[in-house]
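The values are calculated or read from the model by the stated rules, or taken from the named source; none is laboratory data. It should be emphasised that the depicted structure is a prediction, and the values quoted were computed from it without experimental measurement. We place every Cβ from the backbone using ideal geometry, glycine too, and count neighbours over all the protein chains shown. The accessibility values were calculated without ligands, DNA or RNA, using every heavy atom of the protein model including side chains. Shrake-Rupley method; radii C 1.70, N 1.55, O 1.52, S 1.80 Å.
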Amino acid sequence: MNNSPYILAPASVTAVMLKVLAALLPGIAVYVWIFGPGLLVQIVLATLTALAAEAAMLAARGRAPGRFLADGSAIVTAWLIALTFPPIVPWWITVGGTAFAIVVAKHLYGGLGQNPFNPAMAGYAVMIVAFPALMSQWPAEGLTAATQIGLIFGAERALDAITAATALDALRTGLHENAATATVAGVMGASPAFGHIAGHGWEWIAAAYLAGGLYLLQQRLITWHIPLALLAGLALTALPFWLADPAHYASPLFHLCGGASLLGAFFIATDPVSGATTPRGKLIYAAGIGLITWFIRTFGAYPDGIAFATLLMNICVPFIDMKTQPPVFGRKDGR
Amino acid sequence: MNALRKLFGFHGGVKPAPNKDLSTREPIAQIALPERFVVPLHQSVGGTPRPLVAPGAQVQKGQRIGAADGNVSAAVHAPTSGTVLAVEPRIMAHPSGLAGPAVVIAPDGLDTACERDPFLWRSAKPDEVRDFLRDAGVVGLGGAVFPSHLKLRAGREHPMQTLVINGAECEPFITCDDMLMRERATGIVRGAAIMGELMQPREVLIGIEDNKPQAVAAMRAAVQAAGVRGMEVVVVPTRYPAGGAKQLIRVLTGIEVPHGTRSTDFGVQCFNTGTAYAIWQALEQGMPLISRIVTVAGNVARPRNFEVRIGTPLAQLFEAAQALPDTERYIMGGPMMGFRLPDLAAPVQKATNCLLAGSPALFPPPPPEMPCIRCGDCAKVCPADLQPFELYWFARAHNYGKAQEYSLFDCIECGCCSYVCPSRIPLVDYYRYAKSEIWARERDKASADGARTRYEARLARAERDKLEKAAKLAAKTAAGRQKAEQAMAGGAAAAPGEAAADPKKALIEAAMERARAQREAAQPKNVEGLSAAQQAEISKAEARRELARQMADNKEVPPE
Amino acid sequence: MLTALIVMAVLGLVLGAALGFASVKFKVEGDPLVEKIDAILPQTQCGQCGFPGCKPYATAIAKGEAEINQCPPGGDEGIRKLADLLGREYKPLNSEHGSEKPKAVALIDENVCIGCTLCLQACPVDAIIGAAKQMHTVVVPLCTGCELCVAPCPVDCISMEVLPENVETWKWKYPVFRLQPTTERKAA
Amino acid sequence: MPPREIDARRRATPQRPKHTSVSSYFFILIGAVLVNNVVFVRILGLCPFMGVSKKLETAIGMGLATTFVLTVACGSSYLIDHYLLTPLDLGYLRTLSFIVVIAAIVQLTELVIQKSSPVLHQVLGIYLPLITTNCAVLGVPLLNVAARHDLIASLLFGFGSSVGFTLALVLFAAMRERMDGADVPAPFRGTAIAMVTAGLMSLAFMGFAGLDKFK
């Protein structure tokens, strides 16, 4: 028999997770429309793997799997993995990354609510460190569904006509290869990977993510702190460099629309379990992700920095939370 | 006037369905005298009052039957005239279901009141007024039951700015203050005016939530009629827990009173409307606190408010309100902060503001607890600006030190966090658990510190005794040796150790001999002309002594 | 080779001199750690740890002469606190020294007491009052439950009674209605 | 190997500090703290990292002690190397003499800590003298020599590395304090999950790979 309060507002973890999944749908739709159906295959693969891994871990720990599988958190992780991995990555990479995310990053820490690292980003980081080449190939323009699915299930790859790099990757490689002469404008003009602002089509995907994120904000599932601070951290770091040397540094807008910036700002960094929770902590945490992302994108070796930046800031979260506790009632003026 | 007043907000809070309409349809009803009154002695914060009556005593209505234990305590009175049957532990309306000391009274049905002299509080000194209120048993009727006389004292450093009368009554279902304000507004206003005269604040604000328009109207009329300067009825937005004293003070004055400080240090004091009424009754009519208004609602056919004498068994109230057959639990207090009653034999106390009958349909059992996902919804609604999920995290892991670092004791257990938690974690239960564990540890710590002090004092004493004894012995042996040397000069010199030990041994032997002789010589005296009862008593004592002696003889086998 | 030897010798000399100076300058007197350990111990002075009181045991722990798991009244929680303070590994209570029992107080059967004062002398915390040939009684709030008075009593009139819960000492229980089975460790 | 051969080799690669500018000092410092974090990237000093990270307070104490020792060790080892060992062609004594210097500094630190904070001294326990054998403390001065840092660069590199060490230790301790409440599966409780966490932290730091400017 329970104690007070005896009345409860209608709310459940499952409802929260379902809303997050719903908020991802516009992004997925635009993604598929631009890059083809490879992503859908990846989503199915990741979801099945995540559920299987979750069920296996729960069974191993002697917990009733039904209730926890229904909470939907594993599916959110799976979808984020599918969205951050290249859509034509071989199936075993998706399966491996998802399994790593669920088993190591989530369940070794006790499962839902206790993981210090964002599981999806841990899965991404492991895979990109292990298979950097495969994890950097994105479908080239107009790749048919059949080819995409073929690539996922083991067809011959490494054809430039089939695969391409992302805009971020292409830009960095372009700038690095001819360090003396290349400029941002030059590289962008020369490669088909670039669209109006950033990568080809990415601005539309970014807009769709933004729409989903605004839905989450409207549903009060996330607060404005993390998305705003992350995007501001990224843009404000990029701004002075771009102003000083636009030939060698991409514009803030390029960074905002490129890669997984908006996905990260609204869906990855806002993971409440591994993210900071105090208002000030959220600002520090998200601004840190933005800053590190810019550094990794600009100077690092990996195509996108969101995953590593998120993991790096995850490390700092307990400390940030500890040091940014808001003042309690009656102690606001330091009494 | 009211439109000009600036109201402040407080962080957090929730808006559960108020459910207040049903119990305000009918006026306050009187409840019949029960067969037995069980008047708890411990009804307020502070010491348990000493019983003033013994079984068999006749008491009058309003007669003091328990005297305040020290200043932080309040007296207890007989609710009606009758005979005291027992002064013994009885089951109490407490979540533990444990018994507490109580006076059981069988009413004689006459309900004769003892003589009451109206107290001339205007001419009395403030301390006398406070003592009178303590002896009239007036305590806060909002739920905290803090003795009112202690609160009627202005802060030492700050002059009183605002006296707040709390008529917000934010918890769902509870309407006892609402009905009191509707029906007895004059008494409340007069009580508030008395407190105003005692404390001399600049203004007296009566805060009422905007979902009680009738109470607001009644109180406004009463204030106007009384014509007290500086008194004003202020309508505050309905949001749980706006009726918490600190939250209401915040809403009305913008002042936040931190945990562990007194609001008078900020020039504010807050009383419940029921308390104001009780103070008026005590000071103007000489009537001690023997009854209160109780809302009986929930799964009952006829929810309404009753004026109930303290000590009435709870079962009688549920009968009067006709609890429905599918009721599976009974709750004292509101649905947010109340607790499940272990037994309906428990009596109404001064703290009993509401009784709820619960059914699975009305208060559905919570879905199974899921892990915390740190979503922060609890932090958004916490009126104490805490991070409830952190408190939960540490309380769950039994990490009490960390829980305290995160201000566990600022938690007011309002239940907002549990109310919104999507993982359906009984958060408040974890805080209650952690708090009571910490209190237990603090008790242990205090007793350990006391034990250490006494142990060290004992060691010091033993050391001092040893030194004194050694000094005495040294003096004695020196004297003895001198004597011995004088007496048997040239005799075989005994080793000084033996010389010292032997007389000691002899002394003990002699003492034991004396004791034995005494014991054997101990003859019973004055045994002539005894009654049979006395004879029986003596033989019983003899038997005990014999038993003790036998046990003493068998002490070779010490019990392990 | 010679230069190497000289260099190392000079290095050694210089550093040795610096260390020697520091060891004089920063000499530590007393051990404030004992107080901190003593503050954790339950002050029953029961001697179950094998030392004649809590302070001597604390001193022994600070010197590293005693394990942290020898105090039954302090229980599991006491051991964890000591482990925490000293950065040592937690160990379960050493059963040689006894087992953790619910807190009890001594109770003198006043019908049987012969007033021998032996228990008075045994009580380390002055929790028993009485005088020779007068009936003795235990001041319950002061009794630490060390049981040291039980053995000396010649008439065996002292028993240990577990204190019943009252409204003041009653504790809210750990929320039990968790459906998932957990292997929650007990009182950290 | 006869010393003459070693000497010959030494002469072939002159031990002159390479020129460093102010901006490269900055890169050395930041690089040592983050990009080449001594714990997560160079995987040095794991023993105290695992041992003294159970509590935040202790971790901060250990971090400060190591920062002091490492910075002083880097400075003094540079002086010894540059003004004593190199001119006298005693490069082969480098490891030996560094260890002697470090041991002395650690002893000194221990004495000071024992005097100023006995509880910290007790809590650090065995790890305090173990700073001597902390591979980070020996490794960083040797890396300094290998990278031919000048005095300021050596000090900055030492300080940066130890700040990186402290950062790792403090963040890890904060994580462990929180993980203490986590419902970790029984076989992974304690050190096992701490190792997993350290591995994932290291994974996160791999994101800095390719930031060549900071090498």
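For this structure, a couple of remarks:
- Filter result for D:THR20 (under 19 Å from the mean Cα position of the chain (by Cα) and modelled with pLDDT under 85): no
- Pairs, first assigned by TED's automatic domain parsing to the domain that holds B:ARG239 and farther than 12 Å from B:GLU232 by Cβ in the range B:194-216, second open to solvent by 10 Å² or more (accessible area, probe 1.4 Å) and part of a helix (DSSP H, G or I), C-beta under 7 Å, six or more apart: B:ILE194/B:TRP280; B:LEU198/B:PRO126; B:GLN214/B:ARG182; B:ALA215/B:ARG182
- Selection count where residues are among the β-branched types (Val, Ile, Thr) and within 14 Å of chain B (Cβ to nearest Cβ), scope the range D:169-192: 1
- Residue among B:GLY12, B:GLY47 that alone is assigned to a loop (DSSP other than H, G, I, E, B) and farther than 30 Å from B:ASN71 by Cα: B:GLY12
- Screening B:PRO101 against (1) open to solvent by 50 Å² or more (accessible area, probe 1.4 Å); (2) farther than 30 Å from C:TYR174 by Cα leaves a single unmet condition, (2).
- Single residue of the range A:276-299 satisfying the filter (under 18 Å from A:ARG172 (Cα atoms) and open to solvent by 20 Å² or more (accessible area, probe 1.4 Å)) that is farthest from the other protein chains (Cβ to nearest Cβ): A:LEU291
- Of the residues making up the range B:336-362, those that are assigned to a loop (DSSP other than H, G, I, E, B), facing another protein chain (nearest Cβ under 9 Å) and either in contact with a Gly (Cβ under 8 Å, 6 or more places away or on another chain) or at positive phi (or both) are B:MET336, B:MET337, B:LEU362.
A quick yes/no check of all residues on (1) under 20 Å from the mean Cα position of the chain (by Cα); (2) modelled with pLDDT of 90 or more; (3) under 26 Å from A:ASN314 (Cβ atoms):
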position: D:PHE157; (1), (2), (3): yes, yes, no
position: D:SER161; (1), (2), (3): yes, yes, yes
position: D:PHE165; (1), (2), (3): yes, yes, yes
position: D:LEU169; (1), (2), (3): yes, yes, yes
position: D:MET175; (1), (2), (3): no, yes, yes
position: D:ASP183; (1), (2), (3): no, no, yes
position: D:GLY190; (1), (2), (3): no, no, yes
position: D:PHE205; (1), (2), (3): yes, yes, yes
position: D:PHE208; (1), (2), (3): yes, no, yes
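- The range C:130-141: number of residues that are within 12 Å of chain B (Cβ to nearest Cβ) and in contact with a Ser or Thr (Cβ under 8 Å, 6 or more places away or on another chain): 2
- From D:LEU142, D:LEU169, residue being in contact with a helix residue (DSSP H, G or I) (Cβ under 9 Å, 6 or more places away or on another chain), in a helix (DSSP H, G or I) and open to solvent by 40 Å² or more (accessible area, probe 1.4 Å): D:LEU142
- The helices (runs of 4 or more DSSP H) falling completely within the range B:385-490 that include 3 or more residues that are open to solvent by less than 50 Å² (accessible area, probe 1.4 Å), free of Cβ contacts under 8 Å to residues at least 40 places away in the same chain and closer than 30 Å to B:ALA245 by Cα map to B:388-396, B:400-405, B:427-487.
- Hits in the range B:332-348 - residues which are out of contact with any helix residue (DSSP H, G or I) (no Cβ under 9 Å at 6 or more places or on another chain) and either charged (D, E, K, R) or open to solvent by 20 Å² or more (accessible area, probe 1.4 Å) (or both): B:PHE339, B:ARG340, B:PRO342
- Counting the residues of the range A:300-311 that are within 7 Å of chain D (Cβ to nearest Cβ), open to solvent by 10 Å² or more (accessible area, probe 1.4 Å) and touching a helix residue (DSSP H, G or I) at 6+ places or on another chain (Cβ under 7 Å) gives 1.
- The set of residues in the range A:39-95 being part of a loop (DSSP other than H, G, I, E, B) and of a type in the set (Lys, Arg) consists of A:ARG61, A:ARG63.
- Boolean, C:ALA58 is surrounded by 13 or more Cβ atoms within 10 Å (Cβ to Cβ), assigned to a helix (DSSP H, G or I), touching a helix residue (DSSP H, G or I) at 6+ places or on another chain (Cβ under 6 Å) and among the small types (Gly, Ala, Ser): yes
- Residue within the range D:182-191 that is in a helix (DSSP H, G or I) and open to solvent by less than 20 Å² (accessible area, probe 1.4 Å) present: no
- Unique match (being more than 30 Å from B:VAL381 (Cα to Cα), outside the structural domain of B:ARG229 (by TED's automatic domain parsing) and modelled with pLDDT under 90) among B:GLY62, B:GLY66, B:GLY47, B:GLY82: B:GLY47
- Checking B:VAL76 against (1) open to solvent by 20 Å² or more (accessible area, probe 1.4 Å); (2) touching a residue at least 40 places away in the same chain (Cβ under 8 Å); (3) of a type in the set (A, V, I, L, M, F, W, C), the condition it does not meet: (1)
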